[in-house]
């Protein structure tokens, strides 16, 4: 009972803290980014959703946030560049907000193996899928306070070879290492940073990479999962909610899988 009470108290504190500080989500208009935006929407809460090209999707997500009582700020910028991340940070600052939580979901879904990749295109994709997280943290650094939390979304492709996934998998592997270095620099300031790695989610980026094979891959992920189902948005949203709470104040620099045990068997 005592533990349950402490957890409840921590979640209440988290809610009050996030209420007073903005949540920033790159790639927040669609897919996992949209899931996170809607999952953390609450009356009066500022949710900054960044997007690059799909204006209609961004406006639709903003409308959903407003229906939930949140105050969306829509920022069109290339989160894969220093300039784009600076634009995102400037929008937060111009709104008079601090950053309670930032979640990097932007991805460049360049489908290719290594040997036949176009070098400049490959480098650009890897930059978006890795170094851009550093750009974002650096841009937001002056807006972070003790208790702020940062998240990156990774996948098993960062550790296991998947066909045509090189530009994403290499980027995610690099960012998992980057986060360990950032965690040690941010920890003295009470700022935490972690990686969330769910099993495959049927996003637009995933469909772009795997094309017609996406449906079969999703079915396989569901049917062969030891837990008997596919991952759902609530699985990674609730993990982030816990990791962003005071109850998880001693967890940082970690890669946490959300996949029902799918990575435990051959």
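Below, the figures for the structure above:
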item: Single unsatisfied condition, residue 129 versus (1) modelled with pLDDT of 95 or more; (2) surrounded by fewer than 20 Cβ atoms within 10 Å (Cβ to Cβ); (3) in contact with a helix residue (DSSP H, G or I) (Cβ under 9 Å, 6 or more places away or on another chain); result: (2)
item: Residue within region 97-107 that is more than 15 Å from residue 48 (Cα to Cα), more than 15 Å from the chain's Cα centre (by Cα) and outside any helix (DSSP H, G or I) present; result: no
item: Subset of region 61-75 (residues that are crowded, with 18+ Cβ neighbours inside 10 Å and assigned to a loop (DSSP other than H, G, I, E, B)); result: 70
item: Within region 26-52, tally of residues that are farther than 17 Å from residue 99 by Cα and assigned to a strand (DSSP E or B); result: 1
item: Residue 93 vs. criteria surrounded by fewer than 24 Cβ atoms within 10 Å (Cβ to Cβ) and touching a strand residue (DSSP E or B) at 6+ places or on another chain (Cβ under 8 Å); result: no
item: Which listed residue is under 19 Å from residue 175 (Cα atoms) and in contact (Cβ under 8 Å) with a residue 24 or more places away in the chain, from 74, 99, 82; result: 82
item: Among the residues listed as 41, 111, 37, 89, the single one being touching a residue at least 40 places away in the same chain (Cβ under 8 Å) and within 17 Å of the chain's Cα centre (by Cα); result: 89
item: Among (1) surrounded by fewer than 20 Cβ atoms within 10 Å (Cβ to Cβ); (2) out of contact with any helix residue (DSSP H, G or I) (no Cβ under 9 Å at 6 or more places or on another chain); (3) modelled with pLDDT of 95 or more - the single one residue 58 does not satisfy; result: (1)
item: Those residues of region 250-263 which are touching a helix residue (DSSP H, G or I) at 6+ places or on another chain (Cβ under 9 Å) and over 15 Å from residue 152 (Cα atoms), in sequence order; result: 259, 260, 262, 263
item: Which listed residue, of 114, 85, is surrounded by fewer than 18 Cβ atoms within 10 Å (Cβ to Cβ) and outside any strand (DSSP E or B); result: 114
item: Answer residue from region 141-154, given it is surrounded by fewer than 23 Cβ atoms within 10 Å (Cβ to Cβ) and in contact with a helix residue (DSSP H, G or I) (Cβ under 7 Å, 6 or more places away or on another chain) and is farthest from residue 245 (Cα to Cα) among those; result: 143
item: Qualifying helices (runs of 4 or more DSSP H) (wholly inside region 183-245; at least 1 residues being touching a strand residue (DSSP E or B) at 6+ places or on another chain (Cβ under 9 Å) and at pLDDT 90 or above); result: 233-243
item: Any chance residue 169 is touching a helix residue (DSSP H, G or I) at 6+ places or on another chain (Cβ under 6 Å), buried (at least 21 other Cβ atoms within 10 Å of the Cβ), without any contact (Cβ under 8 Å) to a residue 40 or more places away in the chain and over 21 Å from residue 50 (Cβ atoms); result: yes
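The values are calculated or read from the model by the stated rules, or taken from the named source; none is laboratory data. Since the structure is predicted, the reported quantities are computational estimates derived from the model, not experimental observations. No Cβ is skipped: glycine too gets one built from the backbone with ideal geometry, and neighbour counts run over all protein chains shown.
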